[in-house]
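Heads up: the structure comes next, in structure tokens.
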Amino acid sequence: MSQRYGQNFLIDHNIANNIIKAASLKKQDEVLEIGPGRGILTKIIQPQVKYLTTVEIDNALFLELTNYTTPNNIKNIKIINTDFLKYSVPTTKLKIISNLPYNIGTAIIQKILPLKNWTCAIFMLQKEVAKRLIARPQTKSYGYISIFASYYAECKILFNVSSKCFNPQPKVVSSVVKLTNKNQEQPESLFLELVKHSFSMRRKTILNCLASFKYLKLEKKHALQIINACNLNPLFRPDNLSFLDFLRLTNEAKKTYNLASDKA
Ligand code: SAH
């Protein structure tokens, strides 16, 4: 099987059922499944919901699944053979379920979370990635993706899954996470850029991070004023700041930046 597509098929039916249970599926739900593979989750989801859309990149697996649904006359499913990262997600209300392809798990999360129409998402990920999603400030796992995720969603780890539950077995332990959409407005791109920039130099002080942020080109004294106005210690490192701290910094920086450019 192709390692290229991060294919580790779940073979434990108990785990599969527990993943699906976490989505509390209802008859009227529409569900999107990313990477159905051999269909272990697909076959549990489909009979429980109004409509299931699955997106599978691998043509052989796409055909395998179609060869199951067509002769069985299953009508409430659409199987799409494409790369999810290139797929335009329907705008109807959706629950999302996926044993995520490990190599592109975070890219998929970054594509889904900003969408308006998902309500909850159950993902299986590497345990390390799950830890980064739910990480709090002052921890090693805390970083851009933690802030990105907590901006858009409530994130909870439900349970871990041993590598023995897959074929072929991955090298790492997996975790199942539940994300619930907070229905936030889109953040300023400046906010996410500042967080990304700061964590790319996570050992530096936030004063250095802010002063070297290329989108604002602040003088160091202005960066210091902004940090002081937010009641933050300029010697803090990025991982001392919560996502609200970063939001406040962005807003304060924008004010200063506008003033400075008004004068120019
Ligand atoms: N859900 C199945 C398969 C998990 S393995 C199970 O639990 O057993 C991950 C699946 O995602 C594989 O079927 C792989 O082919 C598919 N996949 C990998 N990258 C993808 C992408 N970019 N878009 C859609 N599917 C992808």
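The values are calculated or read from the model by the stated rules, or taken from the named source; none is laboratory data. What you see is a predicted model, and the numbers here were worked out from it, not measured in a lab. With ideal geometry, Cβ positions are generated from the backbone for all residues, glycine too; neighbour counts draw on all protein chains shown. Side chains are part of the model used for accessible areas, which takes the heavy atoms of the whole protein and leaves out ligands, DNA and RNA. Shrake-Rupley method; radii C 1.70, N 1.55, O 1.52, S 1.80 Å.
Side notes on the structure shown:
- So Leu194, is it away from the ligand (no atom under 14 Å from the Cβ), not β-branched (Val, Ile, Thr) and not assigned by TED's automatic domain parsing to the domain that holds Leu247: no
- Sole residue being within 30 Å of Phe123 (Cα to Cα) and more than 24 Å from the chain's Cα centre (by Cα), chosen from Asn208, Asn231, Asn167, Asn183: Asn167
- Here the strands (runs of 3 or more DSSP E) wholly within the range 1-100 that include at least 3 residues being within 22 Å of the chain's Cα centre (by Cα) and either surrounded by fewer than 14 Cβ atoms within 10 Å (Cβ to Cβ) or of a type outside the set (D, E, K, R) (or both) are 30-34, 51-55, 94-99.
- Residue in the range 164-176 that is part of a helix (DSSP H, G or I) and open to solvent by 50 Å² or more (accessible area, probe 1.4 Å) present: yes
- Restricting the range 74-111 to residues that are more than 28 Å from Lys26 (Cβ to Cβ) and hydroxyl-bearing (Ser, Thr, Tyr), the residue that is nearest to the ligand (Cβ to nearest atom): Tyr102
- Odd one out for Lys156, checked against (1) open to solvent by less than 60 Å² (accessible area, probe 1.4 Å); (2) not in a loop (DSSP other than H, G, I, E, B): (1)
- From the options Ile122, Ile145, residue that is surrounded by 22 or more Cβ atoms within 10 Å (Cβ to Cβ) and not assigned by TED's automatic domain parsing to the domain that holds Leu244: Ile122
- Scope the range 187-205; condition open to solvent by 40 Å² or more (accessible area, probe 1.4 Å), among the hydroxyl-bearing types (Ser, Thr, Tyr) and farther than 18 Å from Ser150 by Cα; matching residues: Ser200
- Residue within the range 229-250 that is of a type in the set (Phe, Trp, Tyr), farther than 30 Å from His13 by Cβ and not in a loop (DSSP other than H, G, I, E, B) present: yes
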